[in-house]
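Please read the structure below before turning to the comments.
Values quoted throughout were computed directly from the atomic coordinates according to the rules given, and no laboratory measurement underlies them. All values derive from a computational prediction rather than experimental measurement. So basically every Cβ, Gly included, is an ideal-geometry build from the backbone, and we count neighbours across all protein chains shown.
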Amino acid sequence: MASRIHKLLALAAVAGSLLGTPRAYSGPLGNLINKQINSHGDGPIWSEHLESFKGVNQVVLGQFTVVFLTKTVSYSGGGFFSNNNESKAIGQLAGVDSSTFQRVTDAIFEDFKAKLAHQGVTVADPAGYYANPYYQRVHSEEQGHPVTVPLEDKQSVEGQAWWPTTLAHHDNMALALRFMDAGVRDVYTAQYDYARNAKIPVLNVVYVVDFAEPAKSSGAGIFQSLNVKAEIAISPRGSQLQLMDTSGKVGKLVINKPLVEGGSFAEIKNITSGVQKTAETAQMLGNIGGALFGGSHSNHMFGKQMRMDRRIEYSVTDPKVYGDLVVHAGSQTNDLILGQFGLAR
């Protein structure tokens, strides 16, 4: 039972780590998850089991995945007379095609391998790992695999997962692409068995690329203003390096602060439908009338349901510029995370 709870906590924490603005979980289990997500201090990286990296000079590359977020959700205060109900800004990325995602992933991966080799760490032939009997159960993920993290109000953070073209298999060890994913379990078992028997650690890397700074709002109701900014960043919500060591323990180096890359790459458009805006205005007027003439009962009927939601499109003006900014941010992240890897060795 304790083992099962530990696995649930791990999967939920990974899922929560993908949220640009994390949602609070509730209940006793939720309290444990919140504590785990929010207790890592102010440093650029937090770690677990640093002893797993000591003396490592050879690895098998199990996973290298770049997740490009295509939809984010920012939560803020509620609308007019809202009684603390929340409103949200839903950001959507547009104008980037698969060739750009693949090019960027390949470039960040080649930079990573070169810097890993510079540290004196060799990459072993993965044939033995792929031949592991437990690995035979593993199904390679498809390029551009959808990453969806559901939120509590039927919204979700969404993205696409991409692997380098030079990796023969697209493994999923360090990223929960689906809740309670059997594929994660199978990869974990294969890596655990291989690392212990072959005495070669297995390295897994995930970088999550965000495209917008969390939206900020001020005011209320139809007087509410929204401040948004297009901004490339390697997000701390999911970006990490994991090492399955030869004892079967997993060492982790996790990005704790966003690595922001400056530069203009997108036009920002408010694409909230006219129907929604009209409905919000009508509801706001109803709230005013209820508050002035109907007392607390009317405020209960109208005010608590007041939301001022907005849909924002970040339309990429030049995919090459977008891609180059992400590659540079990824290279900086490689420097940071492999620098810590070298210190831990």
The pairs in Lys71/Lys113; Lys54/Lys216; Lys88/Lys113 lying past 31 Å Cα-Cα in this model are Lys54/Lys216; Lys88/Lys113
Expected unfolding gain across Lys269-Ala131 under the 0.36 nm per residue rule, minus the alpha-carbon gap, is 44.7 nm
The summed charge of the Ser315 Cβ neighbourhood (under 9 Å; Lys/Arg +1, Asp/Glu -1) stands at -1
Summed over the other residues with a beta carbon less than 15 angstrom from that of Ala168, with K and R at +1 and D and E at -1, the charge totals -4
Phi-derived 3J(HN,Hα) across the stretch 160-171 with the Karplus relation (6.51, -1.76, 1.60, θ = phi - 60°), rounded Hz, x for Gly and Pro, is 10, 9, 10, 10, x, 5, 7, 8, 5, 10, 9, 7
Between Gln58 and Glu142, the FRET efficiency computed from the C-beta separation at R0 = 25 Å comes out, to the nearest 0.05, as 0.25
If each K or R counts +1 and each D or E counts -1, the residues other than Arg196 whose Cβ falls under 11 Å of its Cβ total 0
